[in-house]
1. Residues with amide H under 5 Å of ARG219's amide H, sequence separation 5 or more or different chain, H placed in the peptide plane at 1.01 Å from N; which?
2. Excluding ligands and nucleic acids, what accessible area in Å² is computed for PHE51 using a 1.4 Å probe, to the nearest 10?
3. What is the dipole size for the range 95-241, taken about its Cα centre, with +1 at each Lys and Arg Cβ and -1 at each Asp and Glu Cβ, in debye to the nearest 20?
4. Given LYS151/LYS282; LYS146/LYS203; LYS143/LYS233, which pairs have Cα atoms separated by over 31 Å?
5. Ordering PHE161, PHE383 by how much accessible area each has at a 1.4 Å probe, largest first, what is the list?
6. Just name one of ASN127, GLY232, GLY144: the one whose Cα is farthest towards the positive end of the charge dipole of the range 106-245 (beta-carbon charges, Lys/Arg +1, Asp/Glu -1).
7. Any idea of GLU120's accessible area? Nearest 10 Å², probe 1.4 Å.
8. Ordering ASP293, ASP245, ASP80 by how much accessible area each has at a 1.4 Å probe, largest first, what is the list?
Amino acid sequence: FEKGDGQNLVTEDVTVVEGEVATISCRVKNSDDSVIQLLNPNRQTIYFKDFRPLKDSRFQLVNFSNSELRVSLTNVSVSDEGRYFCQLYTDPPQEIYTTMTVLVPPRNLMIDIQKDIATEGEEIELNCTAMASRPATTIRWFKGNKELKGKSEVEQWSDMFTVTSQLLLTVRREDDGVPVICLVDHPAVKDLQTQRYLEVIYKPQVRVLQNYPLQGLTREGEPLELTCTAFGKPQPTEVKWLRVDDEMPQHVVVSGSNLLINNLNKTDNGTYRCEASNAVGKSSADYMLFVYDPPTTIPPPTTTTTTTTPTTITDTTATTDPAVHGFTQLPNSAEELDYGDLSDSRAGDEGSIRAVDHAVIGGVVAVVVFAMLCLLIILGRYFARHKGTYFTHEAKGADDAADADTAIINAEGGQNNSEEKKEYFI
């Protein structure tokens, strides 16, 4: 920024970082061979034309002419800050000042963590201190790539400022190994930062995986294999299987983190729990087992008949409809096992079973109708065969006889006329 105030003499303010080089320039717009002079904040002459009366070798002449006096100052310190005066010996004399500002970058930037090792869910305090800066610095916090908000306090010592920023952070297991960064915004320095890595311990995270059957229902007579995985810090050294609200069946084989049932049966139904613990705490995951009936193959219905009574041969074995498959629940965790593929296979099984049931029902109805028709035909023939009236002449004339012997002798169609007996059948 050029300063001239409408005079023939011009200059600019100077900003310099402590320890670096500052350049002061006094220029004349329209030179008339007047003498140019540079004075320090104490009004001592640094340069008169090209002569340096001040006994400070840090000041060196960079350029001298009738129109400019340019001087450099090496190894600038805070004590050099202030107003420097340019004078031009005209009639009347002219004077203008330039302001030198010395920037001091913060020193000893450091992070202090309240606890080197934090437990998941615990709130910890972190402090970042930037000492002896000029002007006061601005401190920003980051956890990984996410910026966080801290609370800063500024202390002034003479011309220097010390800034301390406090950050309160509730740590999670995901924060383990993540850097917390303290970054400084200051005109004297760029990209000045320091960081500390968080160390977080947490209780195990437990999950139960079904190795076999990989997909499909857990059916009677088939094997079941489960694996328990546990991750924590510190890493749990042992996992334990148990059966909730019941004793573990004797035929269950537990080998480390694996659980195996070679031959499932309905008595195995229940909830199986895997537990893991470390120095922080204990966690568990449950697997709910439901054993279904073994798969049943239903043959197509066949029918045999005779001349009198129809006979139907069918398979009347009952089929159990499939229910929901056993699944794993993770307590105190958002993670669950995905059984979408299992639901699809279950829907396919139910569709095929329903198709078989409809075929069986249709066959049974056809057989029943056929049997009723045959029964009606047989009954019709039977009643037709035994229907009619019988006529005989053996008792003719018996009503006029005086006794039984006479009735027999006089009877028309008696023994004497036996050859003339006729029988009519309709």
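The values are calculated or read from the model by the stated rules, or taken from the named source; none is laboratory data. Since the structure is predicted, the reported quantities are computational estimates derived from the model, not experimental observations. Glycine gets a Cβ as well: all are built from the backbone with ideal geometry, and neighbour counts include every protein chain shown. What goes into the accessible areas is simple: the full protein's heavy atoms, side chains included, and nothing from ligands, DNA or RNA. Shrake-Rupley method; radii C 1.70, N 1.55, O 1.52, S 1.80 Å.
1. Counting only residues 5 or more places away or on other chains, the set is TYR292.
2. 130
3. Details: 17 positive and 21 negative charges, 33 e Å.
It works out to roughly 160 debye.
4. On the way: LYS151/LYS282 36 Å; LYS146/LYS203 25 Å; LYS143/LYS233 20 Å.
As for pairs spanning more than 31 Å Cα to Cα, those are LYS151/LYS282.
5. Values: PHE161 45, PHE383 135 Å².
The ranking, largest first, comes out as PHE383, PHE161.
6. Farthest towards the positive pole: GLY144.
7. The accessible area of GLU120 comes to roughly 70 Å².
8. Numbers: ASP293 45, ASP245 150, ASP80 15 Å².
Solvent-accessible surface, decreasing: ASP245, ASP293, ASP80.
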